[in-house]
1. So what is log10(I(q)/I(0)) for region 1-58 at q = 0.18, 0.20, 0.26, 0.29 1/Å, when the Debye sum runs over its Cα atoms only?
2. Could you check the spin-label model distance between Asn129 and Glu7? Points 7 Å from the Cα along Cα→Cβ, value in nm.
3. For the chain, what is the calculated [θ] at 222 nm in deg cm²/dmol (nearest 500), taking -39500 (n - 2.57) for each run of four or more DSSP H residues and dividing by its residue count?
4. If you place +1 on the Cβ of every Lys and Arg, -1 on the Cβ of every Asp and Glu, and leave all else neutral, what size is the dipole of region 30-76 about its Cα centre, to the nearest 20 Debye?
5. Just reorder Met53, Met95 by solvent-accessible area, largest first, 1.4 Å probe, all chains present.
6. Rounded to the nearest 0.05, what FRET efficiency do Val34 and Gln63 give with R0 = 22 Å and r taken as the Cβ-Cβ distance? Could you check?
7. What are the ³J(HN,Hα) values, in whole Hz, obtained from phi via the Karplus relation 6.51 cos²θ - 1.76 cosθ + 1.60 with θ = phi - 60°, for each residue of region 51-66 in sequence order, with x given for Gly and Pro?
8. Let's see if you can work this out: charge +1 on each Lys and Arg Cβ, -1 on each Asp and Glu Cβ, no other charges. What is the dipole magnitude of the chain about its Cα centre, in debye to the nearest 20?
Amino acid sequence: VLRAILEQEAPITEKYATRRLANHWGIRRVGRKVEQAAGITIRQIARKDFAEMRGDSLWLADQELDRVRIPDPEDADGQSKRDLLTDVPDAELDMAIVKLSESGLKGEDLISATSRLFGNRRTGSSLNNHIGKRIEELRNT
């Protein structure tokens, strides 16, 4: 199951993988036991040279990130929307920030544009801090 998810959606964060597995298993609420079971599944697939953990995310082996995936605004169910705090891999968020900053955006405008790119209408303090932290880390590299 996870292999099929990865073939369609990689790279994905561990939290997103866990939610997708739970959904497949018919579980609506992800608790400690589900997180443990998903963690075992994730580690097993990573050991089989099909996938690997890079930072906060699970990638296909030898996968390169070539684009930023944005939600489909026509998706009425919200299935293509990923939570920017937990579902978007840092590498993908970083790519979005770099591309948007190349257009001249800075500061709060860069944070707002990044948030909107991933389908968020507003930027609350948690999201603002998360994007701001990624911007700061990019400046320090």
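The values are calculated or read from the model by the stated rules, or taken from the named source; none is laboratory data. Since the model is a prediction, treat every value here as computed from it, not as a measurement. Quick reminder, even Gly has a Cβ in these numbers, built from the backbone with ideal geometry, and neighbours come from all protein chains shown. With ligands, DNA and RNA removed, areas are computed over all heavy atoms of the protein, side chains included. Shrake-Rupley method; radii C 1.70, N 1.55, O 1.52, S 1.80 Å.
1. Those come out to -0.53, -0.66, -1.11, -1.33, one per q.
2. A separation of 4.1 nm, rounded to one decimal place.
3. -16500 deg cm²/dmol
4. With Lys and Arg at +1 and Asp and Glu at -1, about 460 debye.
5. Greatest to least solvent exposure: Met53, Met95.
6. 0.30
7. Per-residue couplings from phi come out as 9, 8, 7, 10, x, 8, 9, 9, 10, 5, 4, 6, 6, 10, 7, 10 Hz.
8. 660
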